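What follows is calculated from the coordinates using simple rules that are stated; it is not laboratory data. Predicted model only: the values in this text are computed from it and were never measured. Please note: Cβ atoms are built from the backbone with ideal geometry, for glycine as well, and neighbour counts cover all protein chains shown.
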Amino acid sequence: MSQAFLFLNYIKFTFLIYLVNPYFTLPYKHFIPLMQSTAPNSLEYLTEVPAERKTAFEKLRNTILENLPDGFEERMGGGMINYVVPHSIFPAGYHCNPNQPLPFLGLASQKNFIALYHMGIYSKPELLDWFISEYPKYSKTKLDMGKSCIRFKKPDQIPFDLLAELLRKMTVEDYIETYQTNLDQSRKK
């Protein structure tokens, strides 16, 4: 099975699950309840983050805002903070629902961890390989990760510098090109 096919199916199922049934997610072998938020914006979402994670969560959001390349926009969706390619840049939108902008990054406070969903590391194997090889240089904890989900169970051990570098590695243009290439490859099958 090609990487493109797997990538597109993962995007389709994971993000549709968040939008259709935000109480469940697919990065795990079994359904796991999510911390559901109805916050209309990221500032209200921050007020809902548990006290023991709040400082790290805010620092991670600030790391994203300071290092994510121009063009991505912060929005709320699926009960979490999302960073998307807006229709003004990519009018086609998300292929499963063109009315939605193209999803790239998600940030959530789950029941037992902080989650960072980065579609770039799933869609581009060389970026994933780089991240996996660099992680031990920045953190003493074992990397806990799904296909696009990086889980941080210990907020005081989040490798902010590594995540900042990861965020700078994929521009909006890079992501759109990767997304379209994977989409085109999956449609040829």
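Points to keep in mind about this one:
- Scanning region 79-86 for any residue that is part of a helix (DSSP H, G or I) and surrounded by 15 or more Cβ atoms within 10 Å (Cβ to Cβ) turns up nothing.
- Single condition Ile89 does not satisfy, out of (1) free of Cβ contacts under 8 Å to residues at least 40 places away in the same chain; (2) assigned to a loop (DSSP other than H, G, I, E, B); (3) of a type in the set (A, V, I, L, M): (1)
- Scan of region 122-162 for residues that are touching a Ser or Thr at 6+ places or on another chain (Cβ under 6 Å), surrounded by 20 or more Cβ atoms within 10 Å (Cβ to Cβ) and part of a helix (DSSP H, G or I), ordered by number: Tyr122, Ser123
- Matching residues, region 56-67, being buried (at least 16 other Cβ atoms within 10 Å of the Cβ) and within 11 Å of Leu107 (Cβ to Cβ): Phe57, Leu60, Arg61, Thr63, Ile64
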